[in-house]
Amino acid sequence: MRIIRTKDYAEASAVAAELMAAQITLKPDSVIGLATGSTPCGMYANLVEKCKNGLDFSAVTTVNLDEYVGLPAEHEQSYRKFMNTNLFDHVNIKPENTHLPNGMAEDPEAECVRYEALINSLGGVDMQLLGIGHNGHIGFNEPSDRFVCDTNCITLTARTIEANSRFFSSADEVPKRALSMGIRTILRAKRILLLITGTDKAEILKKAVYGPVTPEVPASILQMHPDVTLVADADALSAL
Ligand code: F6R
């Protein structure tokens, strides 16, 4: 794992955007795996700026990690809406080349199979962006007694519902289930860009990087991947 230490969130966002832009420049038809959440917002803002300055998304395809079950695309808190607002609406990517699991699918299990097949049909992910949850989740793969392999329908933990309730008027409104790429789906990406900032992530980052590889800390599986670049600010690295 390469570790790039930055002084703060702004610098981490700029460095992560630089790495993503390099991937797109070197392979204009890259398949990029994307994440939502607070952490990547600054990176997406940097990518929007880069696009204004010539970074070309016209041949890029994206696949997002996850989506809530039961939220229509136009819902303010759906991950589709998040991606449109933070990135897709502001860069020259073709809308039909942007993919998220369909949280409104009648049969969530069948949707997981479709999404997994879609990623395979694209030839896999060239660069996957990841954040990390306070409990060590990646995508929505929550701590468990086993690694869940393929794209699957997940029941969110109380901690994740609590963490995500900041975007809803109450915890009751947070969907209880989500569709998420599985651990094997994520690990098949050729490159992984892990972006982590803030003191509140310091302890879990230490466990993920130096602790045992265990499904109790899903992000610890990244120790097994041959090409992970961690971009983290001094706060997130403070426990290492
Ligand atoms: C989001 C995702 C999650 C987040 C994680 C961190 O698509 O897959 O694993 O990356 O929950 O979220 P933030 O950045 O809000 O702390």
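Among the candidates Ser78, Ser121, single out the residue that is closer than 30 Å to Glu18 by Cβ, within 15 Å of the ligand (Cβ to nearest atom) and not hydrophobic (A, V, I, L, M, F, W, C).
Values: Ser121 fails: within 15 Å of the ligand (Cβ to nearest atom).
Testing whether each residue is closer than 30 Å to Glu18 by Cβ, within 15 Å of the ligand (Cβ to nearest atom) and not hydrophobic (A, V, I, L, M, F, W, C) leaves just Ser78.
Which condition number does Leu71 fail, the rest of (1) within 26 Å of Asn164 (Cβ to Cβ); (2) in contact with a strand residue (DSSP E or B) (Cβ under 8 Å, 6 or more places away or on another chain) being met?
(2)
Any residue that is touching a residue at least 12 places away in the same chain (Cβ under 8 Å), in a helix (DSSP H, G or I), touching an Asp or Glu at 6+ places or on another chain (Cβ under 9 Å) and crowded, with 21+ Cβ neighbours inside 10 Å - is there at least one of those in segment 36-44?
no
Can you confirm whether segment 86-96 contains a residue that is within 14 Å of the ligand (Cβ to nearest atom), open to solvent by 30 Å² or more (accessible area, probe 1.4 Å) and without any contact (Cβ under 8 Å) to a residue 24 or more places away in the chain? Spell out the reasoning first.
Here is the first cut: in segment 86-96, the residues within 14 Å of the ligand (Cβ to nearest atom) are 86-87.
Of the ones still in play, those that are also open to solvent by 30 Å² or more (accessible area, probe 1.4 Å) are 86.
Checking the rest, the ones that are also without any contact (Cβ under 8 Å) to a residue 24 or more places away in the chain come to none.
Scanning segment 86-96, I find no residue that is within 14 Å of the ligand (Cβ to nearest atom), open to solvent by 30 Å² or more (accessible area, probe 1.4 Å) and without any contact (Cβ under 8 Å) to a residue 24 or more places away in the chain, so the answer is no.
Please find, among Ile32, Ile4, the residue that is more than 15 Å from the ligand (Cβ to nearest atom) and part of a strand (DSSP E or B).
Working: Ile32 fails: more than 15 Å from the ligand (Cβ to nearest atom).
Result: Ile4 is the single residue among Ile32, Ile4 that is more than 15 Å from the ligand (Cβ to nearest atom) and part of a strand (DSSP E or B).
Write out, first by first residue and then by second, each pair whose Cβ atoms fall under 7 Å of each other, whose residues are 6+ apart or on separate chains, and whose first residue, in segment 128-140, is open to solvent by less than 10 Å² (accessible area, probe 1.4 Å) while the second is aromatic (Phe, Trp, Tyr).
Note: no pairs meet the criteria.
Of all residues in segment 2-20 being open to solvent by 10 Å² or more (accessible area, probe 1.4 Å) and in contact with a helix residue (DSSP H, G or I) (Cβ under 7 Å, 6 or more places away or on another chain), which is farthest from Met224 (Cα to Cα)? Full working, then the answer.
Pass one, segment 2-20, residues open to solvent by 10 Å² or more (accessible area, probe 1.4 Å): 2-5, 7-11, 14-15, 18-19.
Now narrow it down to the ones that are in contact with a helix residue (DSSP H, G or I) (Cβ under 7 Å, 6 or more places away or on another chain): 4, 9-10, 14.
Working: Ile4: 19, Tyr9: 27, Ala10: 29, Ala14: 27 Å.
This residue is Ala10.
Mind listing whichever residues of segment 65-97 are part of a helix (DSSP H, G or I) and either at pLDDT below 95 or not basic (Lys, Arg) (or both)?
From segment 65-97, those part of a helix (DSSP H, G or I) are 79-86, 88-90, 95-97; that's our starting set.
Tyr79, Phe82, Met83, Asn84, Thr85, Asn86, Phe88, Asp89, His90, Pro95, Glu96, Asn97 - these are the residues of segment 65-97 that are part of a helix (DSSP H, G or I) and either at pLDDT below 95 or not basic (Lys, Arg) (or both).
Would you check which residues across segment 130-161 are more than 8 Å from the ligand (Cβ to nearest atom) and on the phi > 0 side of the Ramachandran plot and list them?
Gly136, the sole residue that qualifies.
Out of Lys201, Lys206, Lys190, which single residue is open to solvent by less than 30 Å² (accessible area, probe 1.4 Å) and at pLDDT 95 or above?
Details: Lys206 fails: open to solvent by less than 30 Å² (accessible area, probe 1.4 Å); Lys190 fails: open to solvent by less than 30 Å² (accessible area, probe 1.4 Å).
Within the list Lys201, Lys206, Lys190, the selection yields Lys201.
Testing Ile154 on (1) open to solvent by 20 Å² or more (accessible area, probe 1.4 Å); (2) not in a loop (DSSP other than H, G, I, E, B), one condition comes back false. Which one is that?
(1)
The values are calculated or read from the model by the stated rules, or taken from the named source; none is laboratory data. Just so it is clear, the model here is predicted, and its values are computed rather than measured. So basically every Cβ, Gly included, is an ideal-geometry build from the backbone, and we count neighbours across all protein chains shown. Heads up: the accessible areas ignore ligands, DNA and RNA and are worked out on the full protein's heavy atoms, side chains in. Shrake-Rupley method; radii C 1.70, N 1.55, O 1.52, S 1.80 Å.
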